[in-house]
Amino acid sequence: MKKGKLIYEGKAKRVYETDNPDLLIQEFKDDATAFDAKKRGTIKNKGVCNNEISARLFGLLDCRGVPTHFVKLLSAREMLVKRLEIVPVEVTIRNVVAGGMARMFGLEEGTTLCPPVLEYHYKNDALGDPLMNEYHIFALKLAEERELKTIAKYSFEINRILSKFFDERNLKLIDFKLEFGRHRGKILLGDEISPDTCRLWDKATNKKLDKDRFRRDLGNIEEAYQEVLHRVLG
Ligand code: 5GP
């Protein structure tokens with residue numbers, strides 16, 4: 001697969017064209033940002049960890065009937081993916097109160113949410129990804145009703161599959177963010193699933209093994225990503 005033109009460079013990834021117009025190469029970087037890119041840094045080998053973790057989780061979801069953009073791993077930092085027209089809505093699923101939800105409602109981190117909470121955020125860095133609901137999404141014509149229904153259904157299904165998968169590896173899936181896109185008329189899961197986009201706590205100790213170690217200067221950041229990789233592949 002020939003690596004073509006760079007078509008997108010984000011905070012954590014680069015995306016390249018290939019000789020097949022339907023397929024792209026997604027390359028994972030070690031760069032880390034937080035708080036709308038006000039905080040910047042590098043996490044050694046984060047790109048390698050996130051590529052391998054995402055590949056394993058996308059493979060699992062595809063097997064369980066949730067279609068993703070993942071095609072195959074190409075190298076330590078690269079995966080081949082289907083080209084998507086991204087729906088500019090980020091879906092967050094929360095099983096336990098943390099981060100943005102703790103701030104928004106003045107709640108204690110660590111409180112279990114039953115049933116889990118689904119949030120939509122407008123994918124717009126300049127605006128700080130504001131919270132939105134179905135009415136905003138339809139009025140702004142970001143997705144059709146049947147598309148959003150599919151996105152919500154897949155999101156809860158992903159939560160069920162991944163919560164069980166991580167639980168078996170002594171990790172609690174606290175919350176995570178998903179992005180979806182359109183490919184040949186179908187909704188597919190895109191982007192990545194990694195410690196950059198999920199909160200994962202050790203089941204026994206509640207130790208944070210995700211990007212919060214970078215956001216909150218908790219130290220041992222590289223070790224946390226390696227630990228998650230080890231448990232996911234183990
Ligand atoms: P919160 O809204 O609490 O900040 O984030 C909820 C979950 O979604 C966390 O697992 C967080 O890592 C993920 N998340 C939300 N927005 C973003 C984003 O813009 N980038 C990344 N990497 N993760 C996000």
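The values are calculated or read from the model by the stated rules, or taken from the named source; none is laboratory data. Note that the coordinates shown come from a computational prediction; the quantities given were computed from them, not determined experimentally. With ideal geometry, Cβ positions are generated from the backbone for all residues, glycine too; neighbour counts draw on all protein chains shown.
Remarks
- Selection of the range 113-132 for residues being touching a residue at least 12 places away in the same chain (Cβ under 8 Å) and either loosely packed, with under 10 Cβ neighbours inside 10 Å or assigned to a helix (DSSP H, G or I) (or both) yields only Asp125.
- Selection count where residues are more than 13 Å from the ligand (Cβ to nearest atom) and touching a residue at least 12 places away in the same chain (Cβ under 8 Å), scope the range 141-157: 10
- Checked against (1) surrounded by fewer than 22 Cβ atoms within 10 Å (Cβ to Cβ); (2) farther than 25 Å from Gly41 by Cβ, Asp202 meets all criteria but (2).
- The lone exception for Val48 - which of (1) of a type outside the set (Phe, Trp, Tyr); (2) part of a strand (DSSP E or B); (3) within 16 Å of the chain's Cα centre (by Cα) it fails: (2)
- Per the listing Gly185, Gly181, the residue uniquely touching a His at 6+ places or on another chain (Cβ under 8 Å) and at pLDDT 95 or above is Gly181.
- Subset of the range 174-194 that is near the ligand (Cβ under 9 Å from one of its atoms) and outside any loop (DSSP other than H, G, I, E, B) - its residue that is surrounded by the fewest Cβ atoms within 10 Å (Cβ to Cβ): Lys177
- For the range 90-112, the set of residues classified as in a strand (DSSP E or B) and within 12 Å of the ligand (Cβ to nearest atom) consists of Glu90, Val91, Thr92, Ile93, Arg94, Asn95, Val96, listed by residue number.
- Failed item, numbered, when Ala37 is tested on (1) at positive phi; (2) more than 16 Å from the ligand (Cβ to nearest atom): (2)
- Each residue in the range 40-50 was checked for being touching a helix residue (DSSP H, G or I) at 6+ places or on another chain (Cβ under 7 Å) and surrounded by fewer than 18 Cβ atoms within 10 Å (Cβ to Cβ), and 3 pass.
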